[in-house]
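Presented below is the structure to which this report refers.
The values are calculated or read from the model by the stated rules, or taken from the named source; none is laboratory data. The shown structure was predicted, so the numbers you read here are calculated from the model rather than taken from an experiment. So basically every Cβ, Gly included, is an ideal-geometry build from the backbone, and we count neighbours across all protein chains shown. Each accessible area value is taken on the protein alone, full model and side chains, heavy atoms only, with ligands, DNA and RNA left out. Shrake-Rupley method; radii C 1.70, N 1.55, O 1.52, S 1.80 Å.
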Amino acid sequence: MIIVTRAGITSDELDHIRERVEALGLRTHISRGELRTIIGCIGDEERLRGVPLLAIPGVEEVLPVLKPYKLAAREFSVAPTRVRVGAATFGGDAFVVIAGPCSVEGEEMTLQTACAVRDRGATVLRAGAYKPRTSPYSYRGMGEAGLEVLSRVRAQCGLPIVTEVLDPRQVEQVAEHADMLQIGTRNMQNFPLLTEVGRVHRPVLLKRGMSSTITDLLLAAEYIMSQGNMQVVLCERGIRTFETATRNTFDVAAIPVLKKETHLPVIADPSHAAGRREFVPALAYAAAAAGADGIMIEVHPRPEEALSDGEQSLTPDEFGDMMATLDGFVRAAGRRLEAAEEVEAV
Ligand code: PEP
Ligand code: MN
């Protein structure tokens, strides 16, 4: 349930409304806009039944949130949520580009890729130290040594890091090294993991389960948010359908649907959707045109030698070419590429 306050409410009135709701055993979440403030009430709404909330000074409207997800619902926040990761902000005016190799394979290649993508406009570095692989015989990452590589690469290239966490027991360790925690498609409904990342103060990149509906994705975000971590960015990365020409089917419609349903930022991962490098740029442009807040792209200095996802990885030069064309799509969608603007301003 949300309580909408009247314009010009005083802070004493706001405190009083909060106290009344909290005294009934519910938690509150305040979302302040320029004109009005929304007080989200979290918990057993039955307890509010029969309480004359409209009689409390400063209350203008009391509205139920009818969706199964509450904290993630659009109504819960007066403005789109912005999620800051280093110098990048998801959900603002800028279109954020995350790029990097699928896996951390070593220090030299990670640093080389980081510098290459930074110089071509990426503002967040991606790379997996822990890799979820369908086959146990595939490369499963460097583990903790990979996290240490990422910390050293960040110190040298300056980009903040997003990296995947697979196991609730490793959340603290990964959070020590990462600026943003990635939950992969295979773990979108790993509820203990969602709960654990909800308890740390790190933004979370939540990728859509390959067989999950949009509602499933929003309810997974709700798990994280219900633990107190509201810094969630959603990622459409392709779903499983009968089509085999691409690795997954890029559900471009999920982007405008999610933008309507939630205040959380929404990005897309064209690399895992396409599965083949030649299709990646087209899907990246489609994501920008559909209103995404950013994209995540796999880039490898020598894709043919990659230990994972080489087929879908762009070379740094291909990434640079894609960025040059992407700029036009981003502008047409009313956004800007942060780094591109900075380069122009110089
Ligand atoms: C990845 O980002 O490298 C990855 C494993 O993605 P997904 O979970 O979407 O397959
Ligand atoms: Mn990958």
Requested in this report: Working with all protein chains in place, sort Tyr223, Tyr69, Tyr130, Tyr137 by solvent-accessible area computed with a 1.4 Å probe, largest first.
Outcome: Tyr137, Tyr223, Tyr130, Tyr69
Report summary line: With bins of 10 Å, the percent of all Cα-Cα pairs of the range 49-165 per bin from 0 is 12, 29, 22, 16, 11, 9, 1
Report summary line: Answer in debye to the nearest 20: the dipole magnitude of the range 94-189 about its Cα centre, from +1 Lys/Arg and -1 Asp/Glu charges placed on Cβ, is 320
**Report entry** Farthest positive-ward along the chain dipole, Cα basis, beta-carbon charges - from Ser77, Phe329, Gly121
**Finding:** Ser77
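Counting Lys and Arg as +1 and Asp and Glu as -1, each charge on the Cβ, what is the dipole of the chain about the Cα centre in debye, to the nearest 20? Intermediate results must be reported in sequence, preceding the final value.
Details: 38 positive and 47 negative charges, 142 e Å.
About 680 debye.
Give me the net charge of Gly141's neighbourhood, meaning all other residues with Cβ under 15 Å from the Cβ of Gly141; Lys, Arg count +1, Asp, Glu -1. Intermediate results must be reported in sequence, preceding the final value.
Values: positive: Arg126, Lys131, Arg133, Arg140, Arg186; negative: Glu105, Glu107, Glu144, Glu148, Glu164, Asp167, Glu298, Asp309.
Net local charge, Gly141 excluded: -3.
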Query - Packing-based ranking, highest mean first, of 95-103, 21-29 given that Cβ atoms within 10 Å are counted - result: 95-103, 21-29
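Please list 184-193, 235-244 highest first by mean number of surrounding beta-carbon atoms within 10 Å per residue. Each step should come with its number before you reach the end.
Details: 184-193: 18.8, 235-244: 17.1.
Ranking the peptides 184-193, 235-244 by packing returns 184-193, 235-244.
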Query raised in the report: Got a sec? What order do Lys70, Lys207 fall in by accessible area at 1.4 Å, biggest, i.e. largest, first?
Result: Lys70, Lys207
Report summary line: Listed residues Ala273, Ala127, Ala253; largest mean-square fluctuation, Gaussian network over the chain with Cα springs below 10 Å, found at Ala253
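Can you tell me the dipole magnitude for the range 31-130 around its Cα centre, using point charges on the Cβ only (Lys, Arg +1; Asp, Glu -1), in Debye to the nearest 20?
Working: 12 positive and 12 negative charges, 33 e Å.
I would put it at about 160 debye.
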Report summary line: Taking the alpha-carbon centre of each part, the distance from the range 214-261 to the range 81-112 in Å is 19
Query raised in the report: Taking the chain as a Gaussian network, where each spring joins two C-alpha atoms under 10 Å apart, which residue of Leu53, Leu283, Leu71 fluctuates the most?
Result: Leu53
